[in-house]
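Q: This is the structure I want to talk about, given as structure tokens.
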Amino acid sequence: MLPDIKERMLSQSGLNTRSRDVFGLRCLPGECVLQRTLMVRKKLTAREGRGWLSGTLFCTHFRVAFVPQDSPKTDDNADPVLLGDHDVALASIEKVVVVGPNRTKLVTPNSLLKFTPEELVLYCKDMRVICFLFDRLTPDAQVIEMTYTIAKTYQPLKPGSVLSFQNAALGSVEMKQFLSNRRRDTHMNWFESAADWEQELERCGASCWRVSSVNDRFEMSTSLPRFIAVPQKVFDTELKKSFAHFNEGRIPRWCWRHPRGSDLLRMASFQNNIYHEKDDIRNLEMILFGCQSSLCVVVELGEELPSPADIQLAHSRLRALCLGDISTSVSMPDDKWLSTLEGTHWLDYTRSCLRKASEVACLLRGGHLTVALQEAEDRDMSCMVSSLVQVMCDPHCRTQHGFQSLVQKEWVVAGHRFYSRINYHHDNDKEEAPVFLLFLDCVWQLWSQYPSRFQLTDDFLLALHDSIHLPLFSTFLANCQRERCKRSQNQGQSYTPVNGWRDVLHPDSSLDPSDPPLPPVWDWTLQYSKDRQDRFTQPVPPTPPHQPLLNGNLNTNPEPHRLTDTIPGSVFLLSRGTFSCPVNLLPWRSSSSGIYKKSHRRAPSSENVPGLERLLKAWAQTEYPQGLTSTCQPQGPLDPYEPLLPHLMWPCMGLWRECYLRGALHAQAFSHPVSANHPHPVERLAREVQQLKDKLAQISASTDLNPPSKMAESRRTESNLNQNTNNGTFLFPASRPQGMGVPRAAPPPTSTNQQTSTCPPPALAPPFRPSHKVNGGSNKHTFLFGHSSVAEARPEQRYYPAPSKTKLPKSNSSIPS
């Protein structure tokens, strides 16, 4: 068996060195190489060009590293990079599988191998599957030793193991000094000081709002940031009385202002059985209405959007579908893959979030109203919807630095429970829910429909997705700004009813001054090479500045459906796509209790509801501009500040294939335990089908007098057969004339997806390189994906299914049958 790791580190003095270059591997300061294996080949993914890459495999106490054979020599003077392009952190590994002659085994620290592995497959938490092939000339002892080393070093994360992992990467004296001298990116807004918030208010033209430091010491609310934006006319002394009326003290606060004068707010639900004084009511309504005096729409997020438990269940089902069940060696058949994808409800939840954000964006576009997003705790779906609204409406949020600032404002400092939702320690499974990953999927849906409107690319979204699973960044290792400040300052706090939260003399016992400083996730040079970072952005035309707003409230581009007859002080509730004005919407306006609830504003009237519904009618016409027989053509709005409203019909909603299906082909090694030295069964089947297709093409070319017209006729027929009768989702893109839309669907993952014709691949992912694999189907449908010979194109056209088989989706319905 493998000797103890500490003994190995002490005995192998040649490997246990602080040199930056060990056998060609560029090590971090203090990083120890535990095992090295020569003559190893790594299987490249579609994004890497496919094929195999020869090199050397290393295992350290921090990562599994692969150094290509022809890689350039490292520069000793360059800054350290945590992970190379072919590396995987030990904390990101979920399963270790070895493949031998006609067998497959899941390796654990206590496993005993009775055969020499030919392949080593690493299943990662970020849904990557990394496959290494050992050469026949590689000594068996090295192969078994490497397998045992990885299996013993990698382990499920626990509180102690997370700190050990952080120390392995960042705990050396050199690394601590290096990180302490790192400068933050000055191009993005960190929202950690009053000046940062004032800069955002100035950028949005919100002159009637101010920055309040009433929560500077987290006395009013432990989950809110130190600084919040409130109306100018509300003083801090009056503001302090409002925190008790909301759950966790999360009062209504400003998030963003639309160029047409509407304000977006966030707040938690109201506390029940609270006595409302007359002054309290005036302050509450001044905060709720902000700078508007006539109309406020409260958008309830709890009824239509998924709960954290729903998101966690959907993501676990999606993961099992895309990677298969490793422990039981069972993969989903091709003919049931799409229906199983529907059953995960992941795309349902993505669609629900985008629909709700589109409704809010259309309301803000109307101008001169306040839209307040209300959630029970204001820490999950309110982060989602407010961020999606700003991505849709604000071109600045579609740039890399603008998007990073948006995440800082609406997620990091706003108090999203990253630490609990990601659950690095696996100590609280009830709180685990990848809400932020669902948000990234929604942004990818917008990017795939409007790629030319985004400066950031899908490579950036994918890099951010993968970074979440690496427990090294302060961005994701806390639940609120107070916890981050507590760790960075290395001081504890105590609470008393009189003094509130105060620093104590002795630091918290769980914090050690020797703990390594954790960098933010936005320090990309610490994670990726310059070539990889260059792919994070793409050139876009500059956005002209929006029209100025006089006094921050004048609408310079009025709409014909503007609500000019709205009664001052009207408050409406938007729920399930309809407006209402319930009497108990604001607790202090309800007369069902003996508590004093008199309001200085007039009661809302249902006569204004049709006017509000007209604001959303424009969105419905944009979503289905020419009926169901039209193609999905999200023509970019002429005004750069018009919202990018997504098409939400199922042919236009796609699976983020570059993220979820990038390891699907490698996962077949477990369900098809065949040696990698021999062709895979799918590869052999693909070759046979390709040969038959070539013979049929030769016969058709020799006997057909007019092949182009008949081919066009055949392809039109094929496009009709291309529709799944169960859900209207296109199984693969049919041939189309130049300029037509690209259909979108999620093909089965158990083989390489290619095109049989010369049309571009679907917008789910960039086109794969030519290959000879095919996709098998059932008796009902046959899926054959040939390669594309046309260069990649990302047109902004989509098409809808036939009108006879598609119905309008409801606001909170499942996939139409």
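Q: If I model a spin label at Thr340 and Glu642 as a point 7 Å from the Cα along the Cα→Cβ vector, what separation in nanometres do I get?
A: Simple spin-label model gives 4.3 nm for this pair.
Q: Mind pulling the per residue volume of the convex hull built on the Cα atoms of the range 266-309? Å³ is fine.
A: 102 Å³
Q: Any chance you could run the full-extension gain for Asn273 through Arg317? It's 0.36 nm times the residue separation minus the Cα-Cα distance, nm to one decimal.
A: Fully extending the segment from Asn273 to Arg317 adds 11.8 nm.
Q: Return a whole-number percent for the relative contact order of the range 387-456, with Cα pairs under 8 Å and 6 or more residues apart as the contact set.
A: Relative contact order of the range 387-456: 37 percent.
Q: Which shape class, rounded, prolate or oblate, goes with the range 49-89 when its Cα gyration tensor gives a ≥ b ≥ c as root eigenvalues, a/c under 1.5 marks rounded, and past that a/b bigger than b/c marks prolate?
A: It is oblate, given that a/c is not under 1.5 and a/b is not larger than b/c.
Q: Here's a follow-up. For the range 366-453, which whole-number percentage of the solvent-accessible area (1.4 Å probe, protein heavy atoms only) is attributable to carbon and sulfur atoms?
A: The C+S portion of the solvent-accessible surface of the range 366-453 is 47 percent.
Q: Given the protein chains as shown and a 1.4 Å probe, how many square angstrom of Arg657 are accessible, to the nearest 10?
A: 20 Å²
Q: Given the peptides 224-235, 111-122, arrange them by the average over their residues of other C-beta atoms within 10 Å, most packed first.
A: 224-235, 111-122
Q: Show me 333-339, 538-544 ranked by packing, highest mean number of other Cβ atoms within 10 Å first.
A: In descending order of packing, they fall as 333-339, 538-544.
Q: When the accessible area of the range 141-190 is computed with all protein chains present and a 1.4 Å probe, what percentage of it is carbon and sulfur?
A: Here it works out to 53 percent.
Q: Continuing with this model, one more query. If I ignore ligands, DNA and RNA and count only protein heavy atoms, how much of Phe243 is accessible to a 1.4 Å probe, in Å² to the nearest 10?
A: 10 Å²
Q: Counting only other residues whose beta carbon sits under 13 Å from that of Val107, what net charge do I get with K and R as +1, D and E as -1?
A: Taking every other residue near Val107 into account, the sum is +2.
Q: Moving to a separate point now. Semi-axes of the range 20-181's equivalent ellipsoid from the Cα gyration tensor, sqrt of 5 times each eigenvalue, largest first, rounded to whole Å?
A: The equivalent ellipsoid of the range 20-181 has semi-axes of 26, 19, 14 Å.
Q: Determine the alpha carbon to alpha carbon distance for each of Lys152/Lys530; Lys125/Lys430; Lys43/Lys125; Lys42/Lys95 and list only those over 21 Å.
A: In this structure, Lys152/Lys530 exceed 21 Å between Cα atoms.
Q: For His647, His401, write out the residues from largest to smallest accessible area, computed with a 1.4 angstrom probe and no ligands counted.
A: Solvent-accessible surface, decreasing: His401, His647.
Q: Continuing with this model, one more query. Add +1 for every Lys or Arg and -1 for every Asp or Glu among the other residues with Cβ under 9 Å from the Cβ of Arg379, and state the total.
A: With Lys, Arg at +1 and Asp, Glu at -1, the net is -3.
Q: Trp256: accessible area at probe 1.4 Å, nearest 10 Å²?
A: Roughly 10 Å² of Trp256 is accessible to a 1.4 Å probe.
Q: Another one. Give me the 1.4 Å probe accessible area per residue for the range 20-181, excluding ligands and nucleic acids, in Å².
A: Accessible surface, normalised per residue, equals 42 Å².
The values are calculated or read from the model by the stated rules, or taken from the named source; none is laboratory data. Predicted, not measured: the structure shown is a model, and the values here were computed from it. Because the Cβ atoms are built from the backbone with ideal geometry, glycine has one as well, and the counts that use them run over all protein chains shown. Protein only, heavy atoms only, side chains kept; ligands, DNA and RNA dropped before computing areas. Shrake-Rupley method; radii C 1.70, N 1.55, O 1.52, S 1.80 Å.
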